[in-house]
1. So which pairs qualify, if the first residue must be in the stretch 224-248 and under 21 Å from ARG26 (Cα atoms), the second must be of a type in the set (Gly, Ala, Ser) and at pLDDT 80 or above, the Cβ gap must be under 9 Å, and the two must be at least 6 apart or on different chains?
2. Scan (1) within 16 Å of GLY302 (Cα to Cα); (2) without any contact (Cβ under 8 Å) to a residue 24 or more places away in the chain; (3) hydrophobic (A, V, I, L, M, F, W, C) for the single condition ILE267 breaks and write down its number.
3. May I ask you to list the residues in the stretch 340-376 that are more than 26 Å from GLU161 (Cβ to Cβ) and of a type outside the set (D, E, K, R)?
4. Limited to the stretch 56-83, what total is found for residues that are modelled with pLDDT of 85 or more, exposed (fewer than 15 other Cβ atoms within 10 Å of the Cβ) and not in a helix (DSSP H, G or I)?
5. The conditions are (1) without any contact (Cβ under 8 Å) to a residue 60 or more places away in the chain; (2) loosely packed, with under 15 Cβ neighbours inside 10 Å; (3) not β-branched (Val, Ile, Thr), and HIS281 fails exactly one of them. Which is it?
6. May I ask you to verify whether VAL208 is free of Cβ contacts under 8 Å to residues at least 60 places away in the same chain, surrounded by 13 or more Cβ atoms within 10 Å (Cβ to Cβ) and more than 33 Å from the chain's Cα centre (by Cα)?
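The values are calculated or read from the model by the stated rules, or taken from the named source; none is laboratory data. The structure displayed is predicted, hence computed values, not measured ones. Positions of Cβ are backbone-derived with ideal geometry, glycine not excepted, and every protein chain shown enters the neighbour counts.
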Amino acid sequence: MPRFRYIVCAPGSRSESCEIEADSPREAVAKLRSRNLTPIRFCGEADAASDGLLSTRRKLKFDCCDFTAQLAVLLQANIPLERALAIIAESAAEPGLAEFCNSLRQGLHEGKKFSELIRSYGSAFPGFYANLIETGEETGCLPEVTGELRRFLSESRELREFIISSSIYPLAVLGIVLCVTILMFTVFVPRFTQIFADMGRELPGSMVFLTTAGSVIGYGCVIVPAVGIALWGVLSWRLGREGFAELRGYLMTRVPIFGKLKVELEIGKFMRTFAILVSNHVDIIKTVRIAIRVIGNRTVRGSFSGLEGKIRGGEKLSSALRGNPYLPPGLASKIRVGEESGDVGAMLTASADAIEESGRRKIKRLLSLFEPAVIIFLAGMVLIVVVSIFMAIMEINQV
């Protein structure tokens, strides 16, 4: 959960700096006021990692997935948490990782909860990590929760590495396309234009088209980024941080193809978190709060804002989820079957698997189409320029 820093003032005392955990600055202000503290000035988001070892995270190259994998294996072997951290520290290849594990052990010796220590390191772990660890501690299912976290993080890393490896060649080809296009429009086309100018002849239609296209590309490379940056700044200033984040989330869901894919990945993350918590017998209200907090897109997260109230009002989960525009068709019916059979956790897990697999399949399909699309685009650009220059050469020969 993010941490925000404020200058606050309590009744009858001087102002002082204060850090508080909250989902948003608005919630942080509400928490401060509930503690009878008056926020005077917002100092920005606190970097929790700067207080501990992970201020050197860039040098440490801390891998959350590898750490979780080692921890899950040891905890599932019934090794106590403090001893498991000691074993990881002893076997760590990097001195920084050993120091990190030892700092966690020191926190445990001071009586702090493991989830509290994880949360104090901020961006070193995913936002949902500390919440799931906390539920594992409260329910006594920490080994099972870390096992699910290991699987989830491993699958996410595999997908990320697949996207990166599959994008290297198409991106290299795209870079060559851009370089060749810029070279043709800035070097070759002006030279042919100068030839016609020296001969006192009017430009043929093909060369007029190329010079116009070159001018549009040249001005566009300057104007479009400038307009985009200016529009970004104006909207962020007028709407504020929260409003601009909501607008960005809404626009992201409306992007053709990629918007639907982004929504599907967010729903898959939501369902996976929900399945882990329900399978470990976490209270349904707390499960809803944690699972909604995992969703990064504010528009998708806002569609679940009334879910907790519906469940508090006595509605079943399947009924409360019905009608959500971002959920896959038939998901509520599957959950209702799980409720009737008394195995909601298994049905949620199966649904999360299906959503995540669908997202991976779409990503692979898009990547497989990206490479030939770039090649076809390159061939089309070269063909247009070559034909236009060839027609210009024919015009010169006639002269």
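1. Filtered contacts from the stretch 224-248: GLU246/GLY302.
2. So ILE267 meets the others, but not (2).
3. Within the stretch 340-376, the first condition is being more than 26 Å from GLU161 (Cβ to Cβ), and the residues that meet it are 340-348, 376.
Scanning the stretch 340-376 gives SER341, GLY342, VAL344, GLY345, ALA346, MET347, LEU348, ILE376.
4. The number of residues fulfilling the criteria is 3.
5. (1)
6. On the way: free of Cβ contacts under 8 Å to residues at least 60 places away in the same chain: yes; surrounded by 13 or more Cβ atoms within 10 Å (Cβ to Cβ): yes; more than 33 Å from the chain's Cα centre (by Cα): yes.
Yes, satisfied.
Residue-wise test of (1) surrounded by fewer than 16 Cβ atoms within 10 Å (Cβ to Cβ); (2) touching a residue at least 60 places away in the same chain (Cβ under 8 Å); (3) outside the structural domain of THR68 (by TED's automatic domain parsing).
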site: ILE88; (1), (2), (3): no, no, no
site: ALA98; (1), (2), (3): no, no, no
site: SER103; (1), (2), (3): no, no, no
site: LYS112; (1), (2), (3): yes, no, no
site: GLU116; (1), (2), (3): yes, no, no
site: TYR121; (1), (2), (3): no, yes, no
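One line per residue, one yes/no per condition, for (1) outside the structural domain of LEU369 (by TED's automatic domain parsing); (2) at pLDDT 75 or above; (3) farther than 19 Å from VAL382 by Cβ:
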{"residue": "SER156", "(1), (2), (3)": "no, yes, yes"}
{"residue": "ARG160", "(1), (2), (3)": "no, yes, yes"}
{"residue": "PRO170", "(1), (2), (3)": "no, yes, no"}
{"residue": "PRO190", "(1), (2), (3)": "no, yes, no"}
{"residue": "GLY200", "(1), (2), (3)": "no, no, yes"}
{"residue": "MET207", "(1), (2), (3)": "no, no, no"}
{"residue": "THR212", "(1), (2), (3)": "no, yes, no"}
{"residue": "SER215", "(1), (2), (3)": "no, yes, yes"}
{"residue": "VAL227", "(1), (2), (3)": "no, yes, yes"}
